[in-house]
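The values are calculated or read from the model by the stated rules, or taken from the named source; none is laboratory data. Computed from a prediction, not measured in an experiment: that's the story for all the values here. As a convention, Cβ positions derive from the backbone with ideal geometry for all residues, glycine included, and neighbour counts pool all protein chains shown. Heads up: the accessible areas ignore ligands, DNA and RNA and are worked out on the full protein's heavy atoms, side chains in. Shrake-Rupley method; radii C 1.70, N 1.55, O 1.52, S 1.80 Å.
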Amino acid sequence: MNFTSLTYFITLVQERNFTHAARRLHVTQQTLSAHIAQLEREIGAPLVVRRVPLSFTWTGQVFYQHALKLHKEEDAMRKALADACQEETGCLRIGIAPNREHAILPAILKRYTREHPGIRIQMTEDINRHLIQKLSEGGLDLAIVHMEQPLAGITQEAFYQEEMVLLIPNQLLIGLAEAQQVPFASLLKRLSSGTAGCLAPLARAPFLLSESGTVPGRLARRLLAEADIEPFVRVSSDNLRLLLELCAAGSGLMFCPANLIARNLTKQQRQRLTRIPLRTGERLISFCYRRELHDWSLLAAFMDTARQIMHAGQDH
């Protein structure tokens, strides 16, 4: 039994399809099937139920858990040996949400790759819960996520507070005040009060919403439900940069991480928008990694670089 065969079996379980697993491993289906058959001969029991859809025997399910543990330990061993030999080589696998990646990572990666030229960075973009699952399965070295609950075997270190705000086109806000026959200042004061249901005056406004699986999407739907609003969603998308452009053009209201605004909109565009702070609008974004990688120097160096650049940006 070797680590290559373990990796092939783990990938097959995760993909649940020989074709997809072989494609992910960059091998032929025949090669993958041969490795699985060899594992079954060594173990002395079938691991895979070769039907459509693909499933796994009880032996296969038990073996997967042990194979996953061995795979993680082998990965940690290789990283520790590279550290011991003072070799700055290998691959750092990072997972992050696409919009967060665009907001914070360019400057961090620019410095890190300059200071550690022998390291290859492999990025995975996905929503938080998928990234946490991939991290737990050993598919990532580091996830930069908002983690709501601690997870066994995963170390969580604070990175920064991500502030969520509501952006409203000025002309749309003026129109709402006129339609409701209330002074503009009074409407703005109510929306900014942070009290439960304070967004109720926006019931007839058009919204630009992220999907419910994202942090902005979940927060938006919770706050709108508290205000008893069934929103008219003009555009739904997980691409916050697209929604920001539409918001700046006056197409609707949107919920957005504050650190995306200056990076994606010009000063002139920002002047056309009113920014409303949100109750419970802050989320802790953390570095999350498997506990066995705690002493990996290149991971620690990446986190140090990220904190330095983030701190410098907040000072300005």
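With R₀ set to 25 Å, the beta-carbon distance separating residue 230 from residue 275 gives a calculated FRET efficiency near 0.55. Sequentially through the range 145-155, phi angles give Karplus couplings (6.51, -1.76, 1.60; θ = phi - 60°) of 9, 8, 9, 6, 10, x, 10, 4, x, 10, 8 Hz, Gly and Pro residues having no value and appearing as x.
If the segment from residue 291 to residue 249 were pulled out straight at 0.36 nm per residue, it would be longer than the present Cα-Cα gap by 10.5 nm. Average accessible surface for the range 181-264: 46 Å² per residue, computed with a 1.4 Å probe over protein heavy atoms with every protein chain in place. Packing-based ranking of 161-171, 252-262, 107-117 yields 252-262, 161-171, 107-117, ordered from highest to lowest mean Cβ neighbour count within 10 Å.
At what distance in angstrom do the alpha carbon centres of the range 74-129 and the range 8-22 lie from each other? Each part's Cα centre sits 24 Å from the other's.
According to the Kirkwood relation over distinct C-alpha pairs, the hydrodynamic radius of the chain is 22.4 Å. Ordering 80, 54, 235 by Cα displacement along the dipole of the chain toward the positive end leaves 235 in first place; charges were set at the Cβ atoms of Lys, Arg (+1) and Asp, Glu (-1). Helix-only estimate, please: 222 nm mean residue ellipticity of the chain, summing -39500 (n - 2.57) across DSSP H runs of length 4 or more and dividing by its residues, to the nearest 500. Here the helix-only value at 222 nm equals -15500 deg cm²/dmol.
Fully extending the segment from residue 51 to residue 20 would add 9.6 nm, taking 0.36 nm per residue of separation and subtracting the current Cα-Cα distance. Evaluating 6.51 cos²θ - 1.76 cosθ + 1.60 at θ = phi - 60° for every residue in the range 45-50, the Karplus couplings come out as 7, x, 10, 10, 9, 7 Hz, glycine and proline recorded as x. Karplus-derived 3J(HN,Hα) values for the range 18-27, using 6.51 cos²θ - 1.76 cosθ + 1.60 with θ = phi - 60°, are 4, 5, 5, 5, 5, 5, 5, 8, 6, 10 Hz; glycine and proline are entered as x. Under 5 Å between amide hydrogens, built in the peptide plane, is the criterion, and for residue 273 it picks out 170 among residues at least 5 positions away or on other chains.
Each principal axis of the range 1-158 carries a Cα extent, and these read 50, 37, 30 Å when sorted largest first.
Carbon and sulfur: what percent of the range 168-312's accessible surface (1.4 Å probe)? C and S atoms contribute 52 percent here. Could you name the lysines whose alpha carbon sits less than 25 Å from that of residue 189, not counting residues in the same chain fewer than 8 places away? Cα-Cα hits under 25 Å: 267.
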